[in-house]
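Accompanying notes for the structure given below.
Please treat every number below as a calculation from the coordinates, not as lab data. In this text, all values refer to a predicted model and were calculated from it rather than measured experimentally. As a convention, Cβ positions derive from the backbone with ideal geometry for all residues, glycine included, and neighbour counts pool all protein chains shown.
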Amino acid sequence: MFLIWPLVHGFYLSFTGESITGAGGELIGFDNYAEALADPIMWRSLLNTLWFTVLSTVPLVIVALILALLVHQGLPGQWLWRLSFFMPFLLASTVAAQFWIWMYNPQLGLVNYLLGAVGVEQIAWLQDPQWAMLAVVVMTLWWTVGFNFLLYLVALQNIPEQQYEASALDGAGRWRQLRSITIPQLGPTTVLILILQVLASLKVFDQIYIMTQGGPGGVTRPVVQYVFEVGFTGYRFGYASAIAYIFFAIIVIISIGQMRLTTRRGV
């Protein structure tokens, strides 16, 4: 009930001119959808969201896999590494974002301090359109990679050791074992991580809203933030609902595509 009713009511609102005052609640057909499809800000927000998804998903998979492989190989102090990699994931989005706002501070931040030590000029990471999205992606990588790391680590521990022993008897080295045993065995986990990561990235809002408010100049504004602004700043609930359902349809299409691709590969 708590899930179905908001979905149904939101879908109904998308066909009305509903505002915060309750005015304009009459049905207006597909006018909101037509306006949304012709809205350049909506399309730019969608492109920002897709760009963030591309930039964040690949590193979050690769870095998590590398960290899991390193820890699984028996690094000294394994418990400390596991804790260090996973702990940021436990932080609230506000705490993680505020920490990186300080890290990116042009005058006082650690990032510019380290870059300055090697002769790189100060960069206004969150205020520069060229760097803002990348800065948020790096923050997201630090904040959430621990979850993917943990999934990979569990999957690595579930690979039978006998497979490695048998391949070693056949003369296989570490690199060949990685290519012929480890990576294939991690296939289902990788697919799961990709699906979860893509869906999470498409719904990005918290860290961007806290760190850049969608700026500078709208270069980091995601669709979810635009829906929020239209609905709760512009008070156009009907139009915001239409944008949300267009975005929902896109997510469904992407999810179906991922599942079909997974099924075809037999993962």
Ranking of R260, R236 by count of other Cβ atoms within 10 Å, fewest first: R260, R236
Sequence ranges 214-227, 65-78, ranked by mean other-Cβ count within 10 angstrom, highest first: 214-227, 65-78
Calculated P(r) of segment 161-203 - Cα pairs past 18 Å, %: 44
Prolate/oblate/rounded label for segment 171-233 (Cα gyration tensor, a/c 1.5): prolate
Area projected by the alpha carbon convex hull of the chain, averaged over all directions, nm²: 19.1
Only Lys, Arg (+1) and Asp, Glu (-1) charged, at Cβ; segment 75-234 dipole about Cα centre in debye: 160
Relative packing of 31-40, 198-207, which averages over residues the other C-beta atoms within 10 Å, highest first: 198-207, 31-40
Against the rule of thumb 2.2 N^0.38 Å, how large the Cα Rg of segment 26-150 comes out: 1.40
DSSP H segments from the chain that extend 20 Å or more along their own axis, Cα-based, with Kyte-Doolittle mean of 1.0 or above: 40-72, 132-157, 187-202, 237-265
